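Chemist: Structure provided below as structure tokens; questions to follow.
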Amino acid sequence: MAVLVVRGPIFHSAGDEAAFFGWVRKIGAVQRMNGRGRDLEIHLRPGRVSVDELRELRAAFHRYAMDTSDLEGLDRMA
């Protein structure tokens, strides 16, 4: 299982935070998430991240102004 550690987003309300975590948890490649201060640990299921799963992760990161460079290479992981 791969663990992606990224700088987490800044939330503007409790609903905003719930929407982000709800969205990311629905992505099949994500097994669980943990917060560590400002960082977010995203635990990915073993195997390759599909094109659609990667697209959803990129969309969530982009929407919440997170650095998408950490997602590079996920589609090649096996």
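Chemist: Can you name the condition, by its number, that G8 falls short on among (1) small (G, A, S); (2) loosely packed, with under 15 Cβ neighbours inside 10 Å; (3) in contact with an Asp or Glu (Cβ under 7 Å, 6 or more places away or on another chain)?
Modeler: Unmet condition: (2).
Chemist: Can you tell me which residues in the range 1-58 are in a helix (DSSP H, G or I), of a type outside the set (D, E, K, R) and more than 19 Å from G73 (Cα to Cα)?
Modeler: Across the range 1-58, the qualifying residues are A14, G15, A18, A19, F20, F21, G22, W23.
Chemist: Which of the residues that make up the range 34-72 are out of contact with any Leu (no Cβ under 7 Å at 6 or more places or on another chain), of a type in the set (D, E, K, R), surrounded by fewer than 15 Cβ atoms within 10 Å (Cβ to Cβ) and closer than 27 Å to S13 by Cβ?
Modeler: R36, R38, D39, E41, R55, R63, D67
Chemist: Sort through R55, R25 and tell me the only one that's free of Cβ contacts under 8 Å to residues at least 12 places away in the same chain and either touching a strand residue (DSSP E or B) at 6+ places or on another chain (Cβ under 9 Å) or of a type in the set (A, V, I, L, M, F, W, C) (or both).
Modeler: Step by step, each of R55, R25 is checked, and only R25 is free of Cβ contacts under 8 Å to residues at least 12 places away in the same chain and either touching a strand residue (DSSP E or B) at 6+ places or on another chain (Cβ under 9 Å) or of a type in the set (A, V, I, L, M, F, W, C) (or both).
Chemist: Based on what the data block shows, is V24 aliphatic (A, V, I, L, M), surrounded by fewer than 15 Cβ atoms within 10 Å (Cβ to Cβ) and within 11 Å of the chain's Cα centre (by Cα)?
Modeler: So V24 does not fit the description; no.
Chemist: Checking D75 against (1) modelled with pLDDT under 95; (2) out of contact with any helix residue (DSSP H, G or I) (no Cβ under 8 Å at 6 or more places or on another chain); (3) of a type outside the set (A, V, I, L, M, F, W, C); (4) surrounded by 11 or more Cβ atoms within 10 Å (Cβ to Cβ): exactly one of these is not met. Which one?
Modeler: Unmet for D75, out of (1) modelled with pLDDT under 95; (2) out of contact with any helix residue (DSSP H, G or I) (no Cβ under 8 Å at 6 or more places or on another chain); (3) of a type outside the set (A, V, I, L, M, F, W, C); (4) surrounded by 11 or more Cβ atoms within 10 Å (Cβ to Cβ): (2).
The values are calculated or read from the model by the stated rules, or taken from the named source; none is laboratory data. In this text, all values refer to a predicted model and were calculated from it rather than measured experimentally. Using ideal geometry, Cβ is built from the backbone for each residue, glycine included, and neighbour counts are taken over all protein chains shown.
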